[in-house]
1. Just how much of PHE158 is accessible, in Å², when a 1.4 Å probe is used and the result is rounded to the nearest 10?
2. Give, in whole angstrom and from largest to smallest, the semi-axes √(5λ) of the equivalent ellipsoid of the chain, with λ running over the eigenvalues of the Cα gyration tensor.
3. Using only Cα atoms and rounding to the nearest 10 degrees, what angle (0 to 90) does helix 43-63 make with the longest principal axis of the chain?
4. 222 nm [θ] for the chain, helices only, -39500 (n - 2.57) per DSSP H run of 4+, per residue, to 500?
5. What's the carbon and sulfur percent of the chain's accessible surface, probe 1.4 angstrom, rounded to a whole number?
6. What is the sum of charges, Lys and Arg at +1 and Asp and Glu at -1, for the other residues whose Cβ falls under 12 Å from the Cβ of LYS71?
7. Between PHE172 and HIS53, what length comes free when the chain is fully extended (0.36 nm per residue of separation minus the Cα-Cα distance, one decimal in nm)?
8. Largest first, what is the accessible-area ranking of ARG24, ARG169, ARG43 with a 1.4 Å probe?
Amino acid sequence: MSVFLWVIFPYLCLAIFVVGHFWRYRYDKFGWTTRSSQLYESRLLRWGSPLFHFGMLGVVGGHIIGLLVPKAWTDGIGISESAYHLVALVGGILAGLATLAGMVILIYRRRTVGPVFSATTVMDKVMYFFLGLVILLGMWNTVASGVFGLGSTEGHEFNYRESVSLWFRGIFSLNPSPDYMTVAPIGFQLHALFACVLFALWPFTRLVHVFSA
């Protein structure tokens, strides 16, 4: 089961991500759009869209630094572990709150503005559900491990840079080790699994506009 969850499943989702985008571009070029609804309503969109998009830039940037930049590199340039985690904690919470607030406004807008609701597809709803779940789990992991120390063992704080990050980089170096994830707290495991599902859904939702922005 650990091999399936942390080796087979991520590669399966990545394959769907790549092939799905190729299929979408090849057979649904005219559907490659955000299906903008600005003409229907702009007041809520003016608040929700910047909060969501700039918050997501912070979230993605934080993940790039946390998952792709090895701990030895930040140690090498003199960034202490405590300083790194403080910046990650404050930045992660702020970016997560902005993204979540923006998404709540955008979802409220879709539910309350008739023409916008009519233009909302089933895949939009599925995407919002998994995206919200991933964001909430990410914020929970940040607060739970950084503030409350949940996931710590034998007096040592759980450090995702020595487990989750190594597993993540192993996927792209074609040498993923499921052992790094089996020792991670359940919150980090669920965050990773639902993120994989989100990547598999990506080609079939409005998220494709990221690559044409």
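The values are calculated or read from the model by the stated rules, or taken from the named source; none is laboratory data. Since we're looking at a predicted model, the values are computed, not measured. FYI the Cβ positions are ideal-geometry reconstructions off the backbone, even for glycines, and counts take in every protein chain you see. To get the accessible areas, we keep the full protein, side chains included, count just its heavy atoms, and leave off ligands, DNA and RNA. Shrake-Rupley method; radii C 1.70, N 1.55, O 1.52, S 1.80 Å.
1. 30
2. Output for the chain: semi-axes of 32, 22, 15 Å.
3. Roughly 30 degrees between the two axes.
4. -21000 deg cm²/dmol
5. Here it works out to 72 percent.
6. -1
7. Difference between extended and current length: 40.2 nm.
8. These residues rank, largest area first, as ARG43, ARG169, ARG24.
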